[in-house]
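This report refers to the structure that appears directly beneath it.
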Amino acid sequence: MSLTLNRHIYLPLFVASLNCILFLIAIISLFIRDADHRPDWLRCILAILIPGLMAYRGLKRKTIDSSGAIAGIMIGMSVILSSYVGTVAFITCYLATSKATRFGDDIKRQFEPNFKSGGQRNWIQVISNLGAANIALLLRLIWFGVGEIRLDFLHSENYWNSWLLLSSLLSISAALGDTFSSELGPVFSGPNTQPLLITTLRRVPRGTNGGVTIDGFVAACIGGFIIGLSSYLSIIMFIPTAGHWKQTTSHHITWTTPQWPLLHFCLYSGLLGSTLDSLMGATLQYTGYDHHRRRIIEREQQIDPYGSTSDYSSNLEHITGRDILDNHEVNLLMTIIMATIIPLIIMPLWPFGFGDSY
C-alpha cells in the first residue's frame, strides 16, 4: 500500500516540524541557563495545567479534535514558558475563536462547503493560525530565557526581545481578526447579502474566497483590538514600568516606550491580516460554484463530490482564483507575513513618550 500526502499539507507540516524542533531546543536551553532565566515551579505547573485544561475543554465542546488538542498543548506549553503576556493573548485568542466558530451555525451551514458544527479544528488549523506566533515566542525563549519585560525599543539589550514579543502579538491579532471576519462577518451581514470580490469589487456568492463585506472588516478590527486590549492590560498590570534616563543640563528626562500603541496597532493588524488573507484567497485559491447543488466548490474536481450522475463539469462555474493554495496555507502564509514584515513597518511609527508612559 502506497502512502500519498495531499500537496497542501507540506507547508503546515514543515511549520509544525519547526515548532517541535524549536520546542526541544528551548527545553534543553533552559537547563543550561542561569537561575534568573529559568522558569520557577509555578510557571512549570501552569505550563502543564493550563494547556491540558484548555485541550480538555476543546475536546469536550468539540471545538478541536485529538490532533488539534495535541498541537494546542505543545503550543500552550511553549507560550507559558516564554511569556505571560503571550499566554494571555493565546488564551484570549482560543476562547474568542471557540465562541466565534460556534456562532451562527445554521447560517454558515448553508454556504460553507466543508462545514463542521462548532468549527472543530485539527492540528493543521491550529498550526496555520498560531504556528508563526509560537515560533517567535520559542526564539525569544531560546535567546533570552524566561523573563517578563515591557515592550522596550530604546535599550539595545531589550530590542530583539521586545521585537519577538511584538511579532507574536501582531500575528495572533491577524489570526483572530481573520477568524472573526470569516466566522462573524457572514452571520451579521444577513442571509441575502452578497460579498464583493476584493480584487474586482463584483458581487460573488457567499463563501467565495476573497469575498469581503463591511461587517467582515468591522469584525476583523474587533478581533485585533481584543488581542491588543488583553495584551496591553496584562503588560501594565503585571510588569513593572521601566524607563530610559537621559541626563540633561538641568534635570532628568525619562524616555519610555509606551505600551498603549498596542491597542491600535493590533487593531490594524486584525484588519490587515483579514485583507491580506482575502487578497491571497481571491488569487491563489480556486473558487467555483456548483449550480446543480447551489454550493461553493474550493477545488477543481473531476468527480462530482455530491455523487450526482449528471455532467458535473457543466454544472460548475469558475468564480475566481487558481488552485495553488488551500485555505490553511493561505492562513499560514498570512500569519507568517504579519509576524515578520509588519513589525518592521510598525517600528518606525511607534511613538515614544516622556515619563512613565502607559
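Looking across the stretch 163-215, the residues that are within 29 Å of residue 340 (Cβ to Cβ) and among the charged types (D, E, K, R) come down to 178, 183. Determine whether the stretch 104-114 contains at least one residue that is touching a helix residue (DSSP H, G or I) at 6+ places or on another chain (Cβ under 6 Å), at pLDDT below 90 and not in a helix (DSSP H, G or I). So far as the stretch 104-114 goes, yes, one or more of its residues are touching a helix residue (DSSP H, G or I) at 6+ places or on another chain (Cβ under 6 Å), at pLDDT below 90 and not in a helix (DSSP H, G or I).
Considering 154, 170, 201, the condition of being of a type outside the set (Val, Ile, Thr) and under 20 Å from the mean Cα position of the chain (by Cα) is satisfied by 170 alone. Annotation note: Cβ proximity below 8 Å between a residue of the stretch 322-347 that is buried (at least 18 other Cβ atoms within 10 Å of the Cβ) and a residue that is among the charged types (D, E, K, R) (sequence gap 6+ or interchain) occurs for 326/298; 326/299; 327/298; 330/277; 331/178; 331/277; 334/178; 334/277.
Within 15 Å of the chain's Cα centre (by Cα), at pLDDT below 90 and either more than 30 Å from residue 290 (Cα to Cα) or surrounded by 18 or more Cβ atoms within 10 Å (Cβ to Cβ) (or both), is that true of residue 121? Answer is yes for this residue.
Given the criteria at pLDDT below 95 and in a helix (DSSP H, G or I), does residue 236 qualify? Yes, satisfied. Scanning the stretch 140-157 finds no residues that are in a strand (DSSP E or B) and farther than 26 Å from residue 72 by Cβ. The helices (runs of 4 or more DSSP H) located wholly in the stretch 1-82 that include 3 or more residues which are of a type in the set (Lys, Arg) and surrounded by 12 or more Cβ atoms within 10 Å (Cβ to Cβ) occupy 41-61. Filtering 199, 249 for residues that are surrounded by fewer than 23 Cβ atoms within 10 Å (Cβ to Cβ), at pLDDT 90 or above and assigned to a loop (DSSP other than H, G, I, E, B) leaves a single hit, 199.
The values are calculated or read from the model by the stated rules, or taken from the named source; none is laboratory data. Computed from a predicted model, the values in this text were never measured in an experiment. Virtual Cβ from ideal backbone geometry, glycine too; neighbours counted across all protein chains shown.
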